[in-house]
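Take a look at the structure below.
What follows draws every value from the coordinates through simple rules; no lab data is involved. No experiment lies behind these values; they were computed from the predicted model shown. No Cβ is skipped: glycine too gets one built from the backbone with ideal geometry, and neighbour counts run over all protein chains shown.
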């Protein structure tokens, strides 16, 4: 534990520190309430031994300020060191935010036993923090699983829907373009039939890596739309810019050179893409997606392995 000792008497600070150090804990010394408050603003502690009768700011006032600074999220015990053990003083101390009293002159044995009791609280706090950290990590993992496709690592359909809705509203409000690129691996069913689903999954993963790398801005999002279909959300990108990106993606997929002897357009895996851009003419993100889907359909009709614009 890190124990903060606050007392204007050097001899008492040394006595308390020696007892605490013998139990294997770290000590920090402050000789006034103001010094303790300033230290607490920038540092964390596990226990405070607080003198009540100090010049300037007394122990009760210091405790109130410390509790206000740290709030409920960073609680640690505060033990008062005092000659005042009457009921009024005890009540005032507890209401100020203290947790226990030790009467002066201090008994080293009782002080060590009190520290031993505080160790139990410290260990419980450590375990609680570990559990909280584990829960946070578990929640992060669950959130990631709920928003990203496990096979490809790309954003999933739910992530796409949420992002498109948000970006469409933003584009409409700021009167900026928003592009959607829908793409499909050509003759992927024939690929699976020929090479098997394990190779098919690897193909999807390889294609997805190219799509992910095409997202050069933090706002761009590549998603697995379903099966062998993928989709891009490209905020603040006009039709010309989106078409250039789509063509680069198509060329990059072809350069992978993934063998596809069953394809009717090439001897390797290829991609067909449809591009649509919102520039005030659509009423929703779904309409932009529908326009991109129509463009993709035309790309397939015209022979695949090509980019078509809405």
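Some notes on this structure:
- Normalised contact order of the stretch 213-310, rounded percent, pairs of Cα under 8 Å and 6 or more residues apart: 23
- Listed from fewest to most Cβ neighbours within 10 Å, the set 215, 203 follows the order 215, 203.
- Interatomic Cα distance distribution for the stretch 2-83, bins of 10 angstrom, percent: 19, 57, 23, 1
- Relative exposure of 219, 141, judged by other C-beta atoms within 10 Å (fewest first): 141, 219
- Relative contact order of the chain, pairs being alpha-carbon contacts under 8 Å that are 6 or more residues apart, as %: 13
- Relative intensity of the chain on a log10 scale, I(q)/I(0) at q = 0.15, 0.16 Å⁻¹, equals -1.05, -1.17, per a Debye sum over C-alpha point scatterers of equal strength in the absence of solvent.
- Sequence of 21, 187 once ranked by neighbouring C-beta atoms within 10 Å, starting from the fewest: 21, 187
- The packing ranking, built from the mean of other Cβ atoms within 10 Å per residue, places the peptides 280-290, 230-240, 2-12 in the order 230-240, 2-12, 280-290, highest first.
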